[in-house]
1. Counting only residues that are open to solvent by less than 20 Å² (accessible area, probe 1.4 Å) and of a type outside the set (Asp, Glu), give me the helices (runs of 4 or more DSSP H) lying completely in the stretch B:171-278 with at least 3 of them.
2. Condition check: touching a helix residue (DSSP H, G or I) at 6+ places or on another chain (Cβ under 8 Å) and more than 9 Å from every other protein chain (Cβ to nearest Cβ). Does B:ALA263 satisfy that?
3. Examine the stretch A:143-159 for a residue that is touching a Leu at 6+ places or on another chain (Cβ under 9 Å), open to solvent by 40 Å² or more (accessible area, probe 1.4 Å) and either more than 10 Å from chain B (Cβ to nearest Cβ) or of a type in the set (Val, Ile, Thr) (or both), and state whether such a residue exists.
4. Among the residues of the stretch A:62-69, is any modelled with pLDDT of 95 or more and more than 22 Å from B:PHE130 (Cβ to Cβ)?
5. I'd like to check something: does the stretch A:190-212 contain any residue that is free of Cβ contacts under 8 Å to residues at least 24 places away in the same chain and surrounded by 22 or more Cβ atoms within 10 Å (Cβ to Cβ)?
6. Being touching a residue at least 12 places away in the same chain (Cβ under 8 Å) and open to solvent by 20 Å² or more (accessible area, probe 1.4 Å) is the filter here, so list the residues in the stretch B:105-116 that pass it.
7. Suppose the filter is under 23 Å from A:PHE295 (Cα atoms), assigned to a helix (DSSP H, G or I) and among the polar types (S, T, N, Q); does A:ASN79 pass it?
8. With respect to the numbered conditions (1) touching a residue at least 12 places away in the same chain (Cβ under 8 Å); (2) surrounded by 15 or more Cβ atoms within 10 Å (Cβ to Cβ); (3) under 26 Å from the mean Cα position of the chain (by Cα), which one is the sole condition not fulfilled by A:VAL228?
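The values are calculated or read from the model by the stated rules, or taken from the named source; none is laboratory data. Remember, it's a predicted structure, so these values are computed and weren't measured experimentally. No Cβ is skipped: glycine too gets one built from the backbone with ideal geometry, and neighbour counts run over all protein chains shown. Surface areas here come from the heavy atoms of the whole protein model, side chains and all, with no ligands, DNA or RNA. Shrake-Rupley method; radii C 1.70, N 1.55, O 1.52, S 1.80 Å.
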Amino acid sequence: MATRPIEQRTRPAPGFAARPRPRRRGGPGRRERWYAYGFLSPGVLGLTVFTLFPVAMAVVMSLYDWPIFGQRSFLGLDNFRYLLLEDPGFLVSVRNTFLFTALFLPLNVVLSLGLAFWISGSRWQQVFRVLFFIPAITPMVVNAVIWKMLYQPQGVIAHYLDSWFGIAAPNFLADSGTAMISVVVMSVWQGIGYNLIVFSAAIDELPRSVLEAAEIDGARGLRKFLRVQLPLMSPAVFFVTTMTMITSLQVFTQTYILTKGGPGDSTVTMVQNVYENGFVSRDLGVAAAGAWLLFAVILLITAVQFLGQKRWVHYEH
Amino acid sequence: MSTDKVRWTPRRLVSHVLLIAVTLLFLAPVVYAVATALKPPGETFADPASLIGSHLRWRNFADIFDYLPFQRFILNGLLVAAIGTLVVLTASSLGAYAFARLRWRGRDGLFLVFLATLMVPQEVLVVPMFILMQEFGWVNSYQALIFPWAFTAFGTFLLRQFFRGIPYELQEAATLDGCSPLRTFLSVMLPIARPALGVLAVFTFIGYWNSFLWPLIVVNDVSALGTVPLGLELFFGQNGSQWHLVMAASVISLVPTLLLLIALQKHLVKGIAATGLAGR
C-alpha cells in the first residue's frame, strides 16, 4: 500500500531521471536494507528469545511430563487428556471463568456505554472521564485489597446494608453463593473507566449531520439511541466487547487476592489453574497444556465474534 | 459542547446532581481507603461507622516501613518500570521505523509474524519463560522482571502506525540533506513521534508497575526484589487484619499511578481513544 507513493515521490527531478535507474536503486536500496536489518535487530532478537522461542517451548512442554526439578518424559497428549477428563479442578476453572465473563462483560459494556452517554452531555466530560479512570490505572492488587476490606463481614457494605435496608449481609467472599458476584462487582468497578473512555471518544466522533437529520425525522430518546447512535458506534462496541472478552477470560489477580479461588473452588479461574499446576504443584507440562487450552478458548470465542460482526457492525463511517 | 453557554434546564441540573452522586459513590472505595489509612488501630470497623477515626493517625504511613521494606518495593518498582520502558521505547521505535519507512525484502511477512505474536496471551508464555529464566540463571533477578516483556510487538505496531502518518516530504528533505536513515530517524522522526512515544511510555510504565502474575512467579525473595504489588500482597498476607496499615500501604502504592494520571490526563485519554488497546 505504502510503497507506490514512495516510489513516486522519491523519483528525482527530471534532470536526474536520465541516469540509469538500476544503479540508483541498487546503491541506496542495499544500504537501506542493511539499515533496516540493523534497526530491526533488537526487536527481532527480543521477540525471538522472549516470545517465539517460548511459544515453541510451550508446545513441547505441553507434551511432556515436565516437573520444575527432576526427570522429564514424553507423554504425547496425556496432559490435555488429564486436564479435560481427570483433573477435577480444570473444568471447574473453565466454568468459573465463563461465569465470570458472562457476568462481567455485559455489565461492564452496558454500564460504561450508559455512563459515556451520560457524561457526554456535561461540560465536565473530561473530568468525569479521568475520575472514572482512576481504578483502571491503579494497581489491580491495590484495588482488590481495598475491596477485600469493604467486603468484610463487619465492613462498610455489610454495615450499610444492615443499617439502611435492614438486610443481614452474607459473608460476601466466604459464601459460595456471593463470592463470584462480589469479584465481578469489584472487577466492573475497576474496568469500567477504560471502556468509558473508548465509548466517550466514539460519541464525540458521531457525525453531527446524521444525528440532526435523525432528530428532524423525529428520532428521540431511546429510539434515536437504538436506531441511530448505537449502529454508528458499532465498531467501538465491537472493539470493546472483543477486548473485554479477551481480558476477562484471563482474569486472575482480583480473584487471587479477594478469594484465593475460594470458598472451595468456586472462584478458581483458568489462569489460577495454570498458575497452581505450574508453580504450586510444580508440574509445568500440565500448566503449559492448560495455558494452550485457555488460548484455544480465547481464539475460538474471538473468531466467533469476528465472524458474527458482519451481522451488526457497520463500518461505513 | 465547546464554548457556547449551556443553559441550565431543570433536567440538566437533576442529571448533573445525580451524575455527581454516582461519581462520588464510585470513588467512595478510594476515599474510604485513604480514610482508613489515617485511622488508629482497631477503629476500621468501629460502630457507628465513620469516615474519620478518633484522631488522624499519620504515623500509619511511617509504621508500615517497620513491617516490610516498602521503600525497597517502590525503588524496585520504579527501577524495573523505568528500564523496561526505556528498552520498550528503543526496540519498538527502531523496529517500527524499519517497518514503516525503509524498503527491504520480507517486510510484510515479518510484520505479520510480529502481529501474530500479539495474540498469544501472557499465560502461554509464563510457563516456558520460567524455564528460560532458569536456563539464564535469572530467577529472582531484576533482568527477569524487565526483559521478558520488553519485546512485545504492541509498541512496534503502535509506533509503525504513527510513523506511517508522517509526511514523506520531511524524510526526503533529510535524505537530500545527506542524512543517513539513522540520522533521519533520530533527528526527524523521533521528535515528531513524541506524542505517540509518550503514550507508549506511560502505558508501558504502568504495565510494569502494576504487573503481578509474572513477579509472583519469578521472584522468590520478595523482601529484596519485590515490586509494589508483590510487596503489598506479602504485607497483606502477614498483617491482613491490621487494616489501617494495609490501607496505608495501599494508598502509598496508589500514589505514583495517580500522579501520572493527573499529570498526563489529556494524553492518556487521547492515547486510549486513538490506540484502543494500550494499558490493559
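1. On the way: elements: B:181-184, B:194-210, B:213-218, B:222-225, B:228-239, B:243-275.
By residue number, B:194-210, B:213-218, B:228-239, B:243-275.
2. Details: touching a helix residue (DSSP H, G or I) at 6+ places or on another chain (Cβ under 8 Å): no; more than 9 Å from every other protein chain (Cβ to nearest Cβ): yes.
Against the criterion (touching a helix residue (DSSP H, G or I) at 6+ places or on another chain (Cβ under 8 Å) and more than 9 Å from every other protein chain (Cβ to nearest Cβ)), B:ALA263 does not qualify.
3. Yes, that holds for at least one residue.
4. no
5. Looking for residues that are free of Cβ contacts under 8 Å to residues at least 24 places away in the same chain and surrounded by 22 or more Cβ atoms within 10 Å (Cβ to Cβ), one finds none in the stretch A:190-212, hence no.
6. Result: B:PHE111, B:LEU115.
7. Working: under 23 Å from A:PHE295 (Cα atoms): yes; assigned to a helix (DSSP H, G or I): yes; among the polar types (S, T, N, Q): yes.
Yes.
8. Condition not satisfied by A:VAL228: (3).
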